[in-house]
Every structure is written in structure tokens, then in C-alpha cells.
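Encoded as C-alpha cells, the structure appears first; notes follow it.
Nothing in this text is a laboratory measurement; each read-out follows from the coordinates by a stated rule. Computed from a predicted model, the values in this text were never measured in an experiment. Note that each Cβ is placed from the backbone with ideal geometry, even for glycine, and that neighbours are counted across all protein chains shown.
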Amino acid sequence: MNSKFISYVKNNFFNFSHEIGTVILFQFKEIGYGIILLLKSFYYFKDIPQKRHEIVKQMYNAGVKSFLVATIVAVFTGMILGFQFGLEMKEFGMENRIGQLIMSALTREMSPFVSAIVLISSVGSAIAAEISTMHESEEIDALVMMSISPVKFLVMPRLVAMMIVFPIICVYFTFFGCIGAAVISDSKLGVPYSMFFKYAVKGLHFKATYVGLLKSFTFGIVVTAACCTKGLNAEGGALGVGRATRSSVIVSFLLILILGFYITSMFYS
Amino acid sequence: MIKFDNVSKSFGEKHVLKNVSFEIKKGETFSIIGQSGTGKTVALRHIAGLFKADSGQVLIDDVDVGKASSSQLAELRFRMGILFQSGALLNWMNVRDNVALPLVENRIGRKKDAYERADYLLNILQLDDARFKMPAGISGGMKKRVALARALVTNPEIILYDEPTSGLDPVMTSMIDDLILSTQERFKVTSLVVTHDMKSAYSISNKIAMLYKGHIVQCGTPDEIKNSKNEIVQQFVQGNLDGPIEAR
């Protein structure tokens, strides 16, 4: 009985270790694949003029089609921030300066993060789903057989588009976030629009702005790389497409959180 | 022209090809038949350079596909056209753009010439009316013909057909068979066809090889296969339930 139990534990331990090892190896393999994919995409930047129409199309898909959802999220984020910060500041009689705090919070952290989350959910997941479906229906193999690099044809235009669209949406998000906060400040806190925007301009620091935009730009790169990597490595039919889409969103969220922290600490510590 | 020399390939524990050898001569139409999952498509993908053999060699005009550099491989692939089982057309492009794609993307000649060539092939394949339709708006048979036009657009010397008649009705199957034959006659290409449709295999092939459990069981002319004494071959070509082949 005792020896049976020991061998049972032994076997399960080895199986468990094997599983853990396989998962770790797979993760490293995928990270390596993603880095190489990114480097290859940078190499194909020389073909940007040839792919300009595709880049514009991707910018339209990623940017223009996201404006509505970005506007709604931005306005409500601004309203929530304005309300919560305003209530606290009112206790200290500082509610007049709410515009400065809102602008600072938006440019430094909120806009890059929340706009990235909006784009990951709407565009990143679509990229992963589209590429993984192409992979499953042999379209990627067909491109390879036509001597067309999938990196040049699919990844590079999306990467360039996202590098441009992420910062644009971030600026757009800040603008509408401020409007949402201004509306709440005026209606709930009694801070007039003129006062709100006077202090909002004061909260617009040059460093905070360029660090925020740099974050957005970096998020655009890593999100595209993560989503394309997941899409190109999808396996297992429709189930694989679903898995790739879901994991691309999770990985993108984690990457922007970790990267966001390091960029902040690099510039502000 | 194409030589499979003792090629073996495994995926994990599963040994798909076991020392497979055959040769396809220039201008020949060679079919590989066999049950689903016996490794027919895997063999075809070795020729296309999409898989690398674990052991053995796949030679195209004495160039080892498995050891070819990326530029050599690109050159080899440019001499090939492939018709995938699903057609593998790009869904966001219309039929004409799909066909012209290899020429336009690789900047071979002027764009105008690429589209003229695409129009010429679409005309031969009776797809004039479908030129500006999207792949989602055409039938399965039309998709296969568009994919064939795309495979032919670069004037390839070798065409690889992966299950060209699967999922098609008998009339469309005969039409695709006719197309394979007329393509062979008109463009003098070397063709490899992977199929389990015996009627197609008999009508289009100069030679047929049967793959079973990773081995080539028999390789010969359509008549030799039809009149084979081999139990496995006989059971497969006649579609009998009784015999050494297990239904799976």
C-alpha cells in the first residue's frame, strides 16, 4: 500500500513537472517568435511606400472604427474621475482645481492605458482572430507558396498603422475625457467650464504629455506583436482561433501593464 | 524532376511517412491515393517546402528542398503553383485581385500586365463573370477554379493539387478533372495530385501511388492499379468494407 502510494506520488510529480516544463518552454518559444516577428517587421519598414494603401486601410479599421467606442469610454471615464476626485477635493475646498488633476491623470496614465484597453478589445482581438483564421484556412501557407512574406503582407502594415493610431486615440481620449469631467464638474461640483479649462491647461505638462504618448506608441507595437504572434501560432481549428483571440487579449493587457510601469519608473524615478 | 528518397516524417509519436520513395518525371501527372490521414498532404507539403523531412531527401531537379536556403526555396516555390484543398483565397480581395496577387506583390512586370494575365486565365477557366466578386460570394467549384488560376498565373513548371475535387458534385468533379488535363496539355506542367477520388485519379494520372500506413504499397499506371493483385489496393480502389484496411 505504502509503496503503491509512493509510486503514485512519484508518477504524478513527474507528470506535473513535465507539464510545467512544457508550458514554460512553449512560453519562451512564443516570446522568441514574437521578438523575431517584430524585428522582421522593422526590416520590412523599407516597403512602407509599397504597402501604403494597406496601412491606410488598417488605420481606418483600427482608428476611425474605434472612434465611437473610444468617445463613449473617454467621456464616461472623465465623468467618473471628475466625480470621484471632485468629491474628495471639495472636502479641502480645492474643487476649483479639478481640471488640473483630471488633465494630469489623463495625460500621465489614464489615456494611454484606457485607450490601449479599448484598442486591444476592439482591434487587437480582431487582428488575432483574422490572422488565426487565415492560418487555419491555409491562407498563410498560400502566401508563403506565392513567395509573399506574411510578415511584410500582414504584420508590417498592421504594426505601422497601430504605431500611428494608438497615440492619436490617446490624444482623442484625453480631449473627450476632459469634456466628460468638465460636464460633471459644472453640473455636480459647481465648477464652471471656464475655471475647469483654465486649470486643465495648467495640468498639461510637457513631460507628462510626451511620456504618455511614448507609452501609447510602445503599446501599439507590443499589442500588434502579441496579437500577430498568437494569430500566426494558432492551432486546432475554430477552437484554436478562439484560444488565440482570448490569449492575445490577456497577453496584451499584461504587457501594457508591465511596460507602463517600467516606462513610468524610467521617466519619473 | 521530383524525387522522394526514403522520406520519413513524424509528428510527436505519430509516424506519418516511413521511408517513402517515388519519382515524378517532367510533364507527368502523378497521383497519390490513400485513406484520409495516411500522409498524402504531408507528402505534398514536403515538396512545397512547408514541411521538412526527419530523414531522407525531397529533390526537385537535384535541389534538396529540405536543405535549400531561403532564397533557393523562394526560387523553387516560384516554379510551383499549389491548389489548396480549401482554395485558400484571401477573403478581403476580389477574384481578380486574388489571381493577380503573386505577380503584383512580387513586382513581376507591370501591374497592368499582371491584371491582363489574370483576366486571360479567368477567361480560360470560364470565370469572366466572377472577376469582381468576392470569394465569399462564389461557389466551391468556382473557388477551386480561381485558386487554379492563381496557381497558374506565374507560369509554373510544377502544380501541386491537394484534394482538388473534395466537396464537389460529380459534374463539377468532372470539370475540375478536365481542367487538370487541359492545364497539363496546354502548359506542359508536371503535376502531383493528392486525392482519394478513384475516378479522378484514373482519368487524370499517368502514374498512381497508393500510400497506406506511411508506406507506398504500390506505384504504377492507372491500369496496373486497377488490376492490382495487392489486397490493400484492391480494397481501396473498389471501396470494399471487408479487407485489411480498417475503416476509421
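Below, the figures for the structure above:
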{"quantity": "Estimated D of region A:78-185 in µm² per second, where Rh is the Kirkwood radius over Cα pairs and Stokes-Einstein applies at 10 °C, 1.306 mPa s", "calculated": "97 µm²/s"}
{"quantity": "For residues of A:134-142, the mean tally of beta carbons on other chains within 10 Å", "calculated": "5"}
{"quantity": "Between helix B:140-152 and chain B: long-axis angle, C-alpha atoms, 0 to 90°, nearest 10", "calculated": "80 degrees"}
{"quantity": "Estimated translational D of the protein assembly as shown in µm²/s (Stokes, Kirkwood radius over Cα pairs; 10 °C; 1.306 mPa s)", "calculated": "60 µm²/s"}
{"quantity": "Ellipsoid semi-axes in whole angstrom, largest first, where each is sqrt(5λ) of the Cα gyration tensor of region A:218-266", "calculated": "26, 9, 5"}
{"quantity": "Protection proxy ranking of B:35-41, A:106-112, A:141-147 - average other beta-carbon atoms within 10 Å, highest first", "calculated": "A:106-112, A:141-147, B:35-41"}
{"quantity": "Local net charge near B:Leu59, Cβ-Cβ under 12 Å (Lys/Arg +1, Asp/Glu -1)", "calculated": "-3"}
{"quantity": "Within chain B, helix-based [θ] at 222 nm, where runs of 4 or more DSSP H residues each add -39,500 (n - 2.57), nearest 500", "calculated": "-11000 deg cm²/dmol"}
{"quantity": "Averaged over B:85-98, number of beta-carbon atoms from partner chains that fall within 10 Å", "calculated": "3"}
{"quantity": "Value at 222 nm in deg cm²/dmol, rounded to 500, when DSSP H runs of n ≥ 4 in chain A each add -39,500 (n - 2.57)", "calculated": "-27000 deg cm²/dmol"}
{"quantity": "Chain B: antiparallel DSSP beta bridges as a percent of all, rounded to 5", "calculated": "55 percent"}
{"quantity": "Over region B:128-211, relative contact order from alpha-carbon pairs under 8 Å, at least 6 apart, %", "calculated": "30 percent"}
{"quantity": "Sequence-distant aspartates and glutamates (8 or more away, or on other chains) whose Cα lies within less than 16 Å of B:Lys111", "calculated": "B:Asp97, B:Asp119"}
{"quantity": "Order by protection proxy (mean Cβ within 10 Å, highest first), peptides A:252-265, B:92-105", "calculated": "B:92-105, A:252-265"}
{"quantity": "Built amide H within the under 5 Å cut-off of B:Val16, gap 5+", "calculated": "B:Lys9, B:Ser10, B:Phe11"}
{"quantity": "For B:Gln218, residues with placed amide H under 5 Å, excluding near neighbours", "calculated": "B:Met210"}
{"quantity": "Average other protein chain Cβ within 10 Å of Cβ, residues B:103-111", "calculated": "2"}
{"quantity": "Average projection area in nm² (convex hull over Cα atoms of region B:117-191, one quarter of hull surface)", "calculated": "4.8 nm²"}
{"quantity": "Relative contact order (percent, whole number), chain B, Cα cutoff 8 Å, 6+ residue spacing", "calculated": "25 percent"}
{"quantity": "³J(HN,Hα), Karplus 6.51/-1.76/1.60, whole Hz, each residue of region B:92-100, x for Gly, Pro", "calculated": "8, 10, 6, 4, 5, 5, 4, 6, 7"}
{"quantity": "Cα-based shape type of chain A, given that a ≥ b ≥ c are square roots of the gyration tensor eigenvalues and the cut on a/c is 1.5", "calculated": "oblate"}
{"quantity": "Degrees, to the nearest 10: B:111-124 long Cα axis against longest axis of chain B", "calculated": "60 degrees"}
{"quantity": "For region B:82-126, with +1 on Lys and Arg beta carbons and -1 on Asp and Glu, the positive-most of B:Pro102, B:Leu125, B:Phe84 along the dipole", "calculated": "B:Pro102"}
{"quantity": "At least 30 Å along the helix axis (C-alpha) and Kyte average at least 1.6, DSSP helices within chain A", "calculated": "A:156-184"}
{"quantity": "Distant-in-sequence amide H partners of B:Ile32 (H built 1.01 Å from N, under 5 Å)", "calculated": "B:Val193, B:Val194, B:Thr195, B:Ala209"}
{"quantity": "Rh by Kirkwood over Cα pairs, then Stokes-Einstein D for chain B at 1.567 mPa s and 4 °C, µm²/s", "calculated": "69 µm²/s"}
{"quantity": "Highest to lowest packing among B:185-197, A:33-45, scored as the average C-beta count within 10 Å", "calculated": "B:185-197, A:33-45"}
{"quantity": "Whole-angstrom Cα spans of region A:139-245 along principal axes, big to small", "calculated": "64, 30, 17"}
{"quantity": "For region A:54-139, convex hull of alpha carbons as volume per residue, Å³", "calculated": "99 Å³"}
{"quantity": "Evaluated at q = 0.24 Å⁻¹: base-10 log I(q)/I(0), Debye formula over Cα of region B:23-93", "calculated": "-1.29"}
